[in-house]
Amino acid sequence: MRVIIETDYAAMSRKAAGIIAKEIRSKPNAVLGLATGSTPLGVYHELVRMHEKENLDFSGVRTFNLDEYYRLRPDHPESYHTFMFKNLFDGINVNPANVSIPDGMAADIGLFCESYERRIKDAGGVDIQLLGIGRDGHIGFNEPGSSLGSRTRLKTLTEETIRDNARFFDNEGEVPHFAVTMGVGTILDAKKLLMLASGSNKARAVRDAIEGPVSAQVTASVLQLHPNVMVVLDEEAASMLSRSAYYIYVERMAEKFEAEAGT
Ligand code: GLP
């Protein structure tokens, strides 16, 4: 696992956008796994800028989002569908036919979840999956206790997550209590994982995920089982890690080797 510690949110966002851009430039029809929440906003902003100013081309890119609220219409201002178009898709040249977001309105959610899994497989699997982390250590909406082998399914949100997400709604009563989310096992199938965290309110979850035991109580800890993981943090989110000095040293050495190899 590469743990990259940047000074602040802007630097974290630029770093992560650079990693995604590199993926797209080396594979123009890359399959991106995308996330919502406040954390990836800076990355999306930077990707839109790279599209406008640096010809980053999304025309062949395919995307699969991690999750969506259950029974929130796609045109609801707080649906993840609305979020993705507003913050990324409307600003780049992705083909809307290549965009997949879980359908929280599907009449048969079980059937929908099976078809979502199949669509990801048919696309050749996710090349790089972007992830945020909840304060309880969740990825997607895989709340504590989610099976580490879980697949896309309906999930009941914890009170903490509902409270955290209430800031986007007019009041807490409006926050959906359920969501359709890729499972932990679905996320693990991606070829690369890119997790981001910013701010001191994420420091404990980050420490538990990276340096704690692998546990269904902190679903992000499953990253420790994946062979190709990058975690990009700002200093506040990294503040509770016990091995920061080592992670920083490793990155400095990696940069040195890359410079010497001319990559
Ligand atoms: C929600 C999303 C997650 C996200 C988390 C943290 O629960 N389903 O994908 O990582 O919120 O959100 P934020 O980045 O706003 O802190």
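The values are calculated or read from the model by the stated rules, or taken from the named source; none is laboratory data. This structure is a prediction, so every number in the text was calculated from the model and none was measured. Positions of Cβ are generated from backbone atoms using ideal geometry, with glycine treated the same way; all protein chains shown enter the neighbour counts.
Brief remarks follow.
- Subset of the range 131-159 (residues that are in contact (Cβ under 8 Å) with a residue 60 or more places away in the chain, assigned to a loop (DSSP other than H, G, I, E, B) and polar (S, T, N, Q)): SER146, SER147
- When residues in the range 121-159 are screened for being farther than 24 Å from ALA237 by Cβ, among the hydrophobic types (A, V, I, L, M, F, W, C) and within 15 Å of the ligand (Cβ to nearest atom), 1 of them pass.
- Remark: LEU47 matches the filter, which requires a residue to be within 15 Å of the chain's Cα centre (by Cα) and modelled with pLDDT of 95 or more.
- When restricted to residues that are charged (D, E, K, R) and either under 18 Å from ASP8 (Cβ atoms) or crowded, with 17+ Cβ neighbours inside 10 Å (or both), the range 223-260 contains 4.
- Top-ranked residue in the range 193-205 [being surrounded by fewer than 18 Cβ atoms within 10 Å (Cβ to Cβ) and more than 9 Å from the ligand (Cβ to nearest atom); ranked as farthest from LEU241 (Cα to Cα)]: SER200
- Failed criterion for THR82 (all others in (1) touching a Pro at 6+ places or on another chain (Cβ under 8 Å); (2) touching a residue at least 24 places away in the same chain (Cβ under 8 Å) hold): (2)
Residue by residue, here is whether (1) in contact with a strand residue (DSSP E or B) (Cβ under 7 Å, 6 or more places away or on another chain); (2) of a type in the set (A, V, I, L, M); (3) more than 16 Å from the ligand (Cβ to nearest atom); (4) free of Cβ contacts under 8 Å to residues at least 60 places away in the same chain holds:
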| site | (1), (2), (3), (4) |
| --- | --- |
| THR161 | no, no, no, yes |
| ALA245 | no, yes, yes, yes |
| ILE248 | yes, yes, yes, no |
| GLU260 | no, no, yes, yes |
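- Across the range 160-185, the qualifying residues are those that are of a type in the set (Asp, Glu) and under 30 Å from VAL126 (Cβ atoms), and the one among them that is surrounded by the fewest Cβ atoms within 10 Å (Cβ to Cβ) is GLU160.
Here's the yes/no breakdown for (1) within 16 Å of the ligand (Cβ to nearest atom); (2) farther than 26 Å from GLU251 by Cα:
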{"site": "VAL3", "(1), (2)": "no, no"}
{"site": "TYR9", "(1), (2)": "yes, no"}
{"site": "ARG14", "(1), (2)": "no, no"}
{"site": "PRO28", "(1), (2)": "no, yes"}
{"site": "VAL48", "(1), (2)": "no, yes"}
{"site": "PHE83", "(1), (2)": "yes, yes"}
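- Qualifying residue in the range 111-120 (condition: within 16 Å of the ligand (Cβ to nearest atom), within 11 Å of THR63 (Cα to Cα), crowded, with 21+ Cβ neighbours inside 10 Å and not hydrophobic (A, V, I, L, M, F, W, C)): no
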